[in-house]
Amino acid sequence: MRSERTILLGAEIGSIVVMLLVLLAAQPTNLVRPMRPEVYDVPLRDGVASTSQTVAEGDPIVIGSDNDFLVQGWPGKGTPDDPYVISGLTIVSSGICIDIRDTSSYFAIADCCFSAVDDAGVGIRLVNVTNGLVKSVNITSKYTAILLSECVACTVLGAEVSACNQGVFLEKCNSCTVSRSAIHDVPNQAIHCYECDRITLSSLRLTRNDDAISLHSCVGCTIRDCTMRDHLDTGAHLYFTMNCTMLNCSVLNTYNMGAYVHGSSNWTIANCTISGSKYHGLYIERCFRMLIANSTISRHRWSGIYLRESDNCSILDSTIEHNNRTGLFFSIDSDNNTAMGNVLRLNLETNGRDDGHDNRWDDGVSRGNSWSDYNGSGSYTIPGSAQAVDHFPSSSDGDGDGLSDWEEAILGSDPDDPADPPPSAHVLSLVYVGGMAFSVIGIAVAVWRVYGRRSSPRTALPYLD
């Protein structure tokens, strides 16, 4: 069988050598593709309860104890099944529209609108409150939309905040939730948590703010199912935090960085998409035991993932592609980190770089990473002073057309387009003669697939539900 292939190749090679030279001269070999703008048109009000009904304006409301709910005549009994209800109000005030403190009764602030004519004051302030619910409120033109201080088991649900100086601010709170809300056009943080424990931020749409989410000195917090896009600074600012998770989130088109993590430990960032920032996609500085898994980090002007002075971190089963500088960078004093099961492809300067110490790029058995500039033979040396090696590399195939990115670079076809070259024709593939790659027709496809080293498909791992 092998001799028949050899005869066929010998018969073909003379008649097509001129065509080969023409094709190879005409086809570009550059791996790099220009960054393509992404469009994300998500309706801001989709899924957020409307508070557009006309109601009478009222004076600011101040409640200083559980008894004030009764004295002021608010309906309800203050129980989980029958909470006190403050609803249907529109308050325009330069001060605090609703101020509640030192209560433990169950209550709800619902279907209200709060604003100011001079961007002053606070929409809703809760201090030392337990069991409060803020639901379906619309807050505009306040200095701070919602402020929770030293609160426990309070929830903000279905709020829409716009054109305030600051969105939702939680300070020294425990077991509170902000969910299914939209915050946009805020020149500072949309969500800021300071010295909080077990805060849940879920299903949020945060658009055109300075920072989307900022956590400072927080423990055990969860950011889940959030979209952060078009921010003037950073999607997620995470300072001195520990035992936190960010799951199923999208961070898109930020001016500075997609996410910046500093002085933090035991974080998990999984199943996330971080794309289109003007600096790094994910910048991890002076952190310990970070896990980044099953995520896509792409199209950043600098690096996709950059670790600085960070140790014992793991980057697993993620796609890091189309970044203008380095895909994954372990910088100086970043030690004992692991990168494995990742697809590193079409990053402009280099797919990976290692200037740290004792970082691992494979499992030592059979599993490394997939690289767009790997030709399918031998190990893969990672650029950088560490002289690190991926001993079990494979060739990436970004468009799944059966041709590796490395092959497509030589052929000049689009590694992101499965129709280029057309799979029905497969007129371009690779065969090696004297260590050089040539394009041939027909039989060369079969020859390469029989004798060439092919990459195996990558399976995404469901780290977290």
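Every number here is computed from the coordinates shown, using simple stated rules; none is lab data. All values derive from a computational prediction rather than experimental measurement. For neighbour counting, all protein chains shown are included, and Cβ atoms are generated from backbone atoms with ideal geometry for every residue, glycine included.
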- Task: For Lys172, go through the aspartates and glutamates and keep the ones whose alpha-carbon is under 13 Å away, minus same-chain ones fewer than eight residues off.
- Result: Glu150, Glu195, Asp197
- DSSP-defined antiparallel bridges as percent of all bridges, segment 65-220, nearest 5: 0 percent
- Query: Under the Karplus relation 6.51 cos²θ - 1.76 cosθ + 1.60, θ = phi - 60°, what is the ordered set of whole-Hz ³J(HN,Hα) values for segment 315-325, x standing for Gly and Pro?
  - Reply: 10, 10, 6, 10, 9, 10, 8, 6, 9, 6, 10
- With a ≥ b ≥ c taken as the square roots of the eigenvalues of the C-alpha gyration tensor of segment 204-259, please select rounded if a/c is under 1.5 and otherwise prolate if a/b is larger than b/c or oblate if it is not? oblate
- Note on the structure: Any residue on another chain or 5+ positions along whose placed amide H is under 5 Å from the amide H of Gly352 is listed here as Gly327, Leu328
- What are the residues whose amide H is under 5 Å from the amide H of Thr273, where those residues sit 5 or more places off or on another chain and H is modelled from the backbone? Cys249, Ser250, Val251, Thr296
- Provide the per-residue ³J(HN,Hα) series for segment 130-144, in order, calculated from phi with Karplus coefficients 6.51, -1.76, 1.60 and θ = phi - 60°, each as a whole number of Hz, with x at glycine and proline positions. 10, 6, x, 10, 10, 10, 6, 10, 10, 10, 9, 6, 10, 5, 10
- Query: Rounded, prolate or oblate: which one fits segment 284-370, using the alpha carbon gyration tensor with axes a ≥ b ≥ c (rounded when a/c is under 1.5, else prolate when a/b beats b/c, else oblate)?
  - Reply: oblate
- Message: Could you check the spin-label model distance between Asn266 and Asp118? Points 7 Å from the Cα along Cα→Cβ, value in nm.
- Response: 4.7 nm
- Message: So, R0 is 30 Å and r is the distance between the beta-carbons of Asn243 and Asp358; what FRET efficiency does that work out to, to 0.05?
- Response: 0.75
- Item | Contour minus Cα-Cα distance for Ser175 and Glu195 (0.36 nm per residue) | 6.0 nm
- Exposure proxy check: Cys313, Cys164 ranked by fewest other beta carbons within 10 Å? Cys313, Cys164
- Once both labels are modelled 7 Å past Cα along the beta-carbon direction, what's the Glu309-Asp225 spacing in nm? 3.8 nm
- Spin-label point model (7 Å from Cα, Cβ direction): what's the Asn67 to Asp82 distance in nm? 2.1 nm
- Query: Rounded if a/c is under 1.5, else prolate if a/b is larger than b/c, else oblate: which is segment 102-213, with a ≥ b ≥ c the root eigenvalues of its Cα gyration tensor?
  - Reply: prolate
- Task: Any lysines with Cα under 19 Å of the Lys135 Cα? List them, leaving off those in the same chain fewer than 8 positions away.
- Result: Lys77
- Message: Cut-off under 16 Å on the C-alpha distance; same-chain residues fewer than 8 positions from Lys278 excluded. Which lysines are left, in chain and number order?
- Response: none
